[in-house]
Every structure is written in C-alpha cells, then in structure tokens.
Amino acid sequence: MPRRDLAALLTLAALWGASFLFMRIAAPEFGAVALAFVRVAGASVLLLPLLAWRGQTAALRRHWRPLLVVGVLNSAVPFLCYALAALAITGGLSAIFNASAPLWAAVIAWLWLGQRPTRWRIAGLGLGFAGVCGLALGKADVLPGAHGVSTALAIGAALGAAVLYGFAANYTKQRLADAPSLAVAAGSQLSATLALALPALLWWPRQPPGAGTWAAAAVLALACTGAAYLLYFRLIARVGPTNAITASFLVPVFAMLWGGLFLAEPVTAAMAVGGAAILIGTALATGLVAPRRAAPRRPPA
C-alpha cells in the first residue's frame, strides 16, 4: 500500500477509535438517544452539501427506500446502541466488540446469501465467537451502574450494533451496489437523522449539556462520522474494500489508546486476549488472511 494511503488508513482508524472516547464524554449529559441524533445530524450537515456540489442528489431519490433501511440499521440504531454502551463500559471494550462486525457479516452472508465459508473461515468464526463469548461472560454484570445501565445491557447493545453492521454490509451490497458511495454515506445519515428526530425530541436532556460536552459531540459528528465516511469511501476507491476494511482491526488499538490517555481507562489482560481472538478470527472468517495452499508437485519428467 502506498504511504499516502497507509497514512489515510491510520487516520481513519484513529478517527473511528476516537469516536468511543467522545461518546464516553458526551453520553452522560446528552443521553443515548439525543447523542445519536446529534451525531447523524452533524454528519448530514457535512455530507449533503458535498453531495450537492458533486451533482449526485438524484441518487437519493432513486434509492431512497434502501437508503432508509441502511440509515436505520447502519447508523441510527448502532449509534444509539454504542452511546448506550458508553454509559457502562469502557470505549476500548466497545471498540473490541465493534471489531467483530466483519465476523457477523460473514455469518449473515453464509446464512442469507449462501456464501459457504472455507474450513479456515469456519475456524475463524469459531475463534472469533470464542473471543466474543469470553469477553461478554467475563465482563457481564446485571447490576445497573451510575447511569442506570448495567454492564450486561451495555455489552448486549454493543454486540447488537455489530450484528446490525454485519447485516447492513450485506444489504448494501445487494441493494445499493450501483449507487454512488457518497450518496450512500450522505443518504444513510439523512435517513438516520429523520428516524431519530422524534425520539430525540422526546428524550432530549432536561439539563442543557455544557460547552465541553457540545464540543465533544460536534467532533464526534463532524470528524469521527462525516469526515471518516469521506476518508473511508476514498480509500475503497483507491485501494479496494479489502484493504480499506483493515481499518476496523486498528480501531480497538486507538480506542484503548485514547481512553487510556484522556480517561484513564484500564486495559486488562482479558481484554487483550479476547480482543486478539476476535481480530484473528475475524481476519480468517473474512478471508483477509489465510494460510497459503502448497504448490502442486510437478510430475517427474
């Protein structure tokens, strides 16, 4: 990979990793619903003018139904789930569960699209699920914390979001393959904004969030969501989806780094082992890495 694209890949992973930090900062004052709305609304403000500048707004009308589905399943509900998880578990742990999204995508492609995996991919699925179950069982706590959210509920929300990402990836491939990538990014954020508008109005925080909290939400929306989408789809165009998706494997590293530096979040041995199992299993399950087949032997002359 050229150095320019490698730098873009690291920047993307750093932005997505930082999203868990800013959710941890903003979620307690905004609440999960309002923060998810602010996130998608801010991303829409950034992406829609760019879509209009490129003259691709007609794609929103042609594909509005699948864009609505993707907006709800790939942004509105997952962002709500991760904001909820931010009230009870560390950003690093949420990011590890988020990294299992390609794992769920492989399972759904198998069950829904009939894309039967190879033996190595099946082994990767088993290893990845073992890592997920190990982390979930080791961290689960049914008692609610300071914000009324139990660790078990937070883990369930994070895993549910990863499953939705996996489904949305397959749905997008089936229904939006001919749509411009920028139209998918902007249209999905607009759809998510419309879906969350009424719930956000009903659950808007009674106590106005402080200036620092608003700043964290703004960075989450504009940089970690809007700008990250632009960078991600540019990478897909330059180096292909297989290389671009490797950013998800670096997200937990950056999430734990930012959380440790700014929030003093601990990184335990269980998180390291479980995270490694999930990442290795996901890499095998998605075909990102696989043992090379031995070259066939030539018959004797």
Problem set entry | Out of 48, 15, sole residue that is farther than 30 Å from residue 260 by Cα and not hydroxyl-bearing (Ser, Thr, Tyr) | 48
Exercise. Can we say residue 70 is in a helix (DSSP H, G or I), touching a Phe, Trp or Tyr at 6+ places or on another chain (Cβ under 7 Å) and either more than 26 Å from residue 279 (Cα to Cα) or without any contact (Cβ under 8 Å) to a residue 60 or more places away in the chain (or both)?
Worked result: no
Exercise. Any residue at all in segment 76-93 that is of a type in the set (Gly, Ala, Ser), more than 17 Å from the chain's Cα centre (by Cα) and buried (at least 21 other Cβ atoms within 10 Å of the Cβ)?
Worked result: yes
Exercise. Checking residue 81 against (1) in contact with a Phe, Trp or Tyr (Cβ under 6 Å, 6 or more places away or on another chain); (2) over 19 Å from residue 230 (Cα atoms), which single condition isn't satisfied?
Worked result: (1)
Exercise. Given the residues 189, 174, which is the only one that is assigned to a helix (DSSP H, G or I), among the polar types (S, T, N, Q) and surrounded by fewer than 16 Cβ atoms within 10 Å (Cβ to Cβ)?
Worked result: 174
For this session: Return yes when residue 198 is of a type in the set (A, V, I, L, M), assigned to a helix (DSSP H, G or I) and loosely packed, with under 15 Cβ neighbours inside 10 Å and no when it is not.
Result: yes
Exercise. Of these, 43, 59, 34, 13, which one is in contact with a Pro (Cβ under 7 Å, 6 or more places away or on another chain), closer than 20 Å to residue 237 by Cβ and buried (at least 20 other Cβ atoms within 10 Å of the Cβ)?
Worked result: 59
For this session: Within segment 177-186, track down each residue that is part of a helix (DSSP H, G or I) and small (Gly, Ala, Ser).
Result: 181, 183, 185, 186
For this session: Please indicate, with yes or no, whether at least one residue in segment 208-217 is over 20 Å from the mean Cα position of the chain (by Cα) and crowded, with 16+ Cβ neighbours inside 10 Å.
Result: yes
Seminar exercise, completed: The helices (runs of 4 or more DSSP H) lying wholly within segment 211-301 that contain at least 1 residues that are modelled with pLDDT of 85 or more are 211-221, 228-239, 247-262, 269-285
Problem set entry | Complete set of residues in segment 122-151 that are buried (at least 19 other Cβ atoms within 10 Å of the Cβ) and either at pLDDT 75 or above or under 23 Å from residue 172 (Cβ atoms) (or both) | 124, 125, 127, 128, 131, 132, 135, 149, 151
Problem set entry | Failed item, numbered, when residue 50 is tested on (1) in a helix (DSSP H, G or I); (2) crowded, with 22+ Cβ neighbours inside 10 Å; (3) of a type in the set (A, V, I, L, M) | (2)
Problem set entry | Among (1) touching a residue at least 12 places away in the same chain (Cβ under 8 Å); (2) surrounded by fewer than 24 Cβ atoms within 10 Å (Cβ to Cβ); (3) not in a helix (DSSP H, G or I), the one test that residue 107 misses | (3)
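The values are calculated or read from the model by the stated rules, or taken from the named source; none is laboratory data. Keep in mind it's a predicted model, so treat the numbers as computed, not measured. Cβ atoms come from the backbone with ideal geometry, glycine included; neighbour counts cover every protein chain shown.
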